[in-house]
Amino acid sequence: MHEPTAGFVGAVAALPPATLADVYDHTVRLRRQGGREASRALRLSASEHSGIDHAVRSALLPRAGELAAYRSGLLSDALSACVIGARAVRKPACLSPEQYDLLTAPFTAVGVAVPRHVTG
């Protein structure tokens with residue numbers, strides 16, 4: 001997997017349940033502010049999307065019980081938010097700087113380092 005994406009997945013998978021809940025809630029709030037459109041702007045190949053989905057699931061599934069004990073549905077919520085963030089990290093050139101910031105803001109807000117936006 002793309003090294004920055006793998007690092008991002010490892011970092012978010014280690015976040016405590018309360019922080020993952022905050023990330024998801026922040027992601028939902030941003031969807032209304034352009035996050036949905038930004039996410040749709042990402043163009044990944046089927047293999048890239050599959051690889052990201054697999055990496056995020058593999059990292060979070062072992063924590064299913066812990067996440068469910070914190071909040072019902074948190075595993076699914078965290079999977080969704082983390083896949084969106086990982087897709088942005090994988091293909092920043094598909095996004096404007098503003099779209100990239102929008103998709104990664106829930107993670108940077110809780111201290112996760114993300115690579116700088118790059119074009120081309």
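Over the chain, what percent of the accessible surface lies on carbon and sulfur atoms, probe 1.4 Å?
Answer for the chain is 53 percent, counting heavy atoms of protein chains only.
How long is the gain from S72 to R29 if the chain were fully straight, where each residue apart is worth 0.36 nm and the alpha carbon distance is subtracted?
13.6 nm
Quick check for me: using +1 on Lys/Arg Cβ and -1 on Asp/Glu Cβ, what's the dipole size of the range 68-120 about its Cα centre, in debye to the nearest 20?
160 debye
Taking the Cα centroid of the range 56-105 and of the range 6-44, what is the distance between the two, rounded to the nearest whole Å?
Each part reduced to its Cα centre gives a spacing of 4 Å.
In percent, what relative contact order does the chain have, based on Cα pairs under 8 Å that are 6 or more apart in sequence? Walk me through the intermediate numbers first.
On the way: 128 pairs, mean separation 48.1, N = 120.
Relative contact order comes out at 40 percent.
Along the charge dipole of the chain, which of V9, F107, S80 sits closest to the positive end, that is, farthest toward it, with unit charges on the beta carbon of Lys, Arg, Asp and Glu (+1, +1, -1, -1)?
Result: S80.
With θ set to phi - 60°, apply the Karplus curve 6.51 cos²θ - 1.76 cosθ + 1.60 along the range 104-111 and write out the HN-Hα couplings as whole Hz, x wherever there is a Gly or Pro.
9, 4, x, 8, 5, 5, 9, x
For the chain, what is the accessible area per residue in Å², given a 1.4 Å probe and the full set of protein chains?
Per residue, the chain has an accessible area of 51 Å².
Once the principal axes of the Cα atoms of the chain are found, what is the range along each, listed largest first in whole angstroms?
Its Cα atoms span 42, 29, 23 Å along the three principal axes.
Report the trypsin sites (Lys or Arg not before Pro) located in the range 5-102 that are in a DSSP loop and have at most 12 other Cβ atoms inside 10 Å of their Cβ, or state none. Mind showing how you got there, number by number?
Numbers: sites: R29, R31, R32, R36, R40, R43, R57, R63, R71, R87, R90; in loops: R43, R71.
In loop regions of the range 5-102 (DSSP not H, G, I, E or B), the sparsely surrounded trypsin sites (Lys or Arg not before Pro) are R43.
The values are calculated or read from the model by the stated rules, or taken from the named source; none is laboratory data. Predicted, not measured: the structure shown is a model, and the values here were computed from it. Every residue, glycine as well, gets a Cβ built from its backbone with ideal geometry; the counts of neighbours run over all protein chains shown. Accessible surface areas use protein heavy atoms only, side chains included; no ligands, DNA or RNA. Shrake-Rupley method; radii C 1.70, N 1.55, O 1.52, S 1.80 Å.
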